[in-house]
Amino acid sequence: MSVARLLEPITGRTDTVTLADAEDWLQGRTLYGGASALIAYTQAIRAFPDLPPLRAAQIGFVAPVGEQVELHAEIVRQGRNVAQVRSEIRCDGQIALTAFLLFGVARQANALFPGAPPEDFPPPPEQSDSAMSDKGPGFIRKNFELRRAQDFSGPGAPVVRRWARLTSAEGLDPISSLVLMGDVLPPGAMRAMRRQGPISSINWSFNLLDTAPATRDGWWLLENASQHADEGYSSERLRLWNTEGKQVLDGLQSVAIFG
């Protein structure tokens, strides 16, 4: 299912819109977090089309996002090199998602240090088995293709690593694709859970390391790793690489662990 239809009603104006095919992106009673984040990002760049490239984002998943949403975007500060934009999704008059987006022009580099590829970089996706093709949230089966990228499954080290790509990226620029797919994996803490139970993303902060990300055949390597889990929450590090092992996104997320 193309995400282009979901984004089509977004004009950049402060407006209430009905999202087409929203049911194909539901995770329980709310839109999947990556889709909600992409809606806020799209609102911002359509409201202010002259913004420089996205560099970083802080996103709060406040309440369920449904089919009908009210969209707002405003420039908080416009500097010579950096613009900071607040973009919000409201449902039934209440804030459902708030995003603080940082856009910045490129400058001559005064520090060079590329992110390292993950340890035990996996075989390419073409040589890897399918994952979550017959289980997991419906929005994944409809919109994503996932393949295994680690040797073990079940309980163990709190790390989930998968190859992933969109089944249709029609109409999406590379940065929008990363925003959409960067939150698709379950938390690494899933492997440390003592019993099955619901999980829910609370927030998501990320830095984009490449403003023109590219990969082979749409495949990206995603990893969610719990840094600490206790008292019903997990602090997760989210990273994303292209097929050549170049890191393009580095993130942090708080996840609620129920059950």
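Within the group D129, D173, which residue is touching a residue at least 12 places away in the same chain (Cβ under 8 Å) and either assigned by TED's automatic domain parsing to the domain that holds R237 or surrounded by fewer than 19 Cβ atoms within 10 Å (Cβ to Cβ) (or both)?
Details: D173 fails: touching a residue at least 12 places away in the same chain (Cβ under 8 Å).
The match here is D129.
Going by the structure shown, is R194 out of contact with any strand residue (DSSP E or B) (no Cβ under 6 Å at 6 or more places or on another chain) and modelled with pLDDT of 95 or more?
no
Count, please, the residues in segment 96-124 that happen to be β-branched (V, I, T) and touching a strand residue (DSSP E or B) at 6+ places or on another chain (Cβ under 6 Å). Full working, then the answer.
Here is the first cut: in segment 96-124, the ones β-branched (V, I, T) are 98, 105.
Still in the list and also touching a strand residue (DSSP E or B) at 6+ places or on another chain (Cβ under 6 Å): 98.
Residues that pass the stated criteria total 1.
Look at segment 28-47 and say how many of its residues are under 11 Å from the mean Cα position of the chain (by Cα) and of a type in the set (G, A, S).
5
Picking from A225, A229, which residue would you name as being out of contact with any strand residue (DSSP E or B) (no Cβ under 6 Å at 6 or more places or on another chain), farther than 21 Å from A40 by Cα and part of a strand (DSSP E or B)?
Numbers: A225 fails: out of contact with any strand residue (DSSP E or B) (no Cβ under 6 Å at 6 or more places or on another chain).
It is A229.
Test of understanding: among V255, V248, which residue is buried (at least 17 other Cβ atoms within 10 Å of the Cβ), under 17 Å from V159 (Cβ atoms) and among the β-branched types (V, I, T)?
Details: V248 fails: under 17 Å from V159 (Cβ atoms).
Testing whether each residue is buried (at least 17 other Cβ atoms within 10 Å of the Cβ), under 17 Å from V159 (Cβ atoms) and among the β-branched types (V, I, T) leaves just V255.
Please verify whether segment 126-135 includes one or more residues that are part of a loop (DSSP other than H, G, I, E, B), over 22 Å from G251 (Cα atoms) and modelled with pLDDT of 85 or more. Before you say what the answer is, go through the steps one by one.
Our first condition is that a residue be part of a loop (DSSP other than H, G, I, E, B); within segment 126-135, this holds for 128-129, 132-135.
Pick out the ones that are also over 22 Å from G251 (Cα atoms) and you get 128-129, 132-135.
Right, trim to modelled with pLDDT of 85 or more and you get 128-129.
Yes: segment 126-135 contains one or more residues that are part of a loop (DSSP other than H, G, I, E, B), over 22 Å from G251 (Cα atoms) and modelled with pLDDT of 85 or more.
Kindly establish whether Q150 is polar (S, T, N, Q), part of a strand (DSSP E or B) and surrounded by 13 or more Cβ atoms within 10 Å (Cβ to Cβ). Can you show your working first?
Details: polar (S, T, N, Q): yes; part of a strand (DSSP E or B): no; surrounded by 13 or more Cβ atoms within 10 Å (Cβ to Cβ): yes.
No: the conditions fail for Q150.
Would you check if V184 is aliphatic (A, V, I, L, M), part of a strand (DSSP E or B) and in contact with a strand residue (DSSP E or B) (Cβ under 7 Å, 6 or more places away or on another chain)? First the steps, then the outcome.
Details: aliphatic (A, V, I, L, M): yes; part of a strand (DSSP E or B): no; in contact with a strand residue (DSSP E or B) (Cβ under 7 Å, 6 or more places away or on another chain): yes.
Taking the combined requirement at face value, the residue does not satisfy it.
Can you list residue pairs whose Cβ atoms sit under 7 Å apart, with the first residue in segment 1-15 being loosely packed, with under 15 Cβ neighbours inside 10 Å and the second being at pLDDT 95 or above? Count only pairs 6 or more apart in sequence or on different chains.
The qualifying pairs are T11/R46; T14/L71; T14/H72; D15/L71.
Residue-wise test of (1) closer than 27 Å to S2 by Cβ; (2) crowded, with 18+ Cβ neighbours inside 10 Å; (3) touching a Ser or Thr at 6+ places or on another chain (Cβ under 7 Å).
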| residue | (1), (2), (3) |
| --- | --- |
| L31 | yes, yes, no |
| A35 | yes, yes, no |
| L54 | yes, yes, no |
| P64 | yes, no, yes |
| E74 | no, no, no |
| Q78 | no, no, no |
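Just to verify a result, which residue in segment 29-54, among those that are part of a loop (DSSP other than H, G, I, E, B) and in contact with a Pro (Cβ under 8 Å, 6 or more places away or on another chain), is modelled with the highest pLDDT?
Applying the first criterion (part of a loop (DSSP other than H, G, I, E, B)) to segment 29-54 yields 29, 32, 48-53.
Still in the running and in contact with a Pro (Cβ under 8 Å, 6 or more places away or on another chain): 29, 32.
Numbers: R29: 89, Y32: 96.
Checking each candidate, the answer is Y32.
So if I check each of I45, I39, I59, which one is of a type in the set (V, I, T) and within 11 Å of F103 (Cβ to Cβ)? Talk me through it step by step, then tell me what you get.
Numbers: I39 fails: within 11 Å of F103 (Cβ to Cβ); I59 fails: within 11 Å of F103 (Cβ to Cβ).
From the options I45, I39, I59, the qualifying one is I45.
Taking into account only those residues within segment 87-97 that are more than 11 Å from A57 (Cβ to Cβ) and in a strand (DSSP E or B), which is farthest from the chain's Cα centre (by Cα)? If you could, list the steps in order and put the result at the bottom.
Of all residues in segment 87-97, those more than 11 Å from A57 (Cβ to Cβ) come to 88-97.
Applying the additional criterion that residues be in a strand (DSSP E or B) yields 88-91, 94-97.
Working: E88: 16, I89: 16, R90: 19, C91: 21, Q94: 23, I95: 19, A96: 16, L97: 14 Å.
My answer is Q94.
Taking the condition buried (at least 17 other Cβ atoms within 10 Å of the Cβ) and in a strand (DSSP E or B), does I59 pass?
On the way: buried (at least 17 other Cβ atoms within 10 Å of the Cβ): yes; in a strand (DSSP E or B): yes.
Against the criterion (buried (at least 17 other Cβ atoms within 10 Å of the Cβ) and in a strand (DSSP E or B)), I59 qualifies.
Can you find a residue that is at pLDDT 95 or above, assigned to a loop (DSSP other than H, G, I, E, B) and more than 23 Å from A56 (Cβ to Cβ) anywhere in segment 198-217?
Yes, there is a match, as at least one residue in segment 198-217 is at pLDDT 95 or above, assigned to a loop (DSSP other than H, G, I, E, B) and more than 23 Å from A56 (Cβ to Cβ).
Could you run through segment 119-163 and say how many residues are under 19 Å from the mean Cα position of the chain (by Cα) and either farther than 19 Å from P187 by Cα or among the polar types (S, T, N, Q) (or both)?
Residues that pass the stated criteria total 2.
The values are calculated or read from the model by the stated rules, or taken from the named source; none is laboratory data. No experiment lies behind these values; they were computed from the predicted model shown. Reconstructed Cβ throughout: ideal geometry from the backbone, glycine too, with neighbour counts over all protein chains shown.
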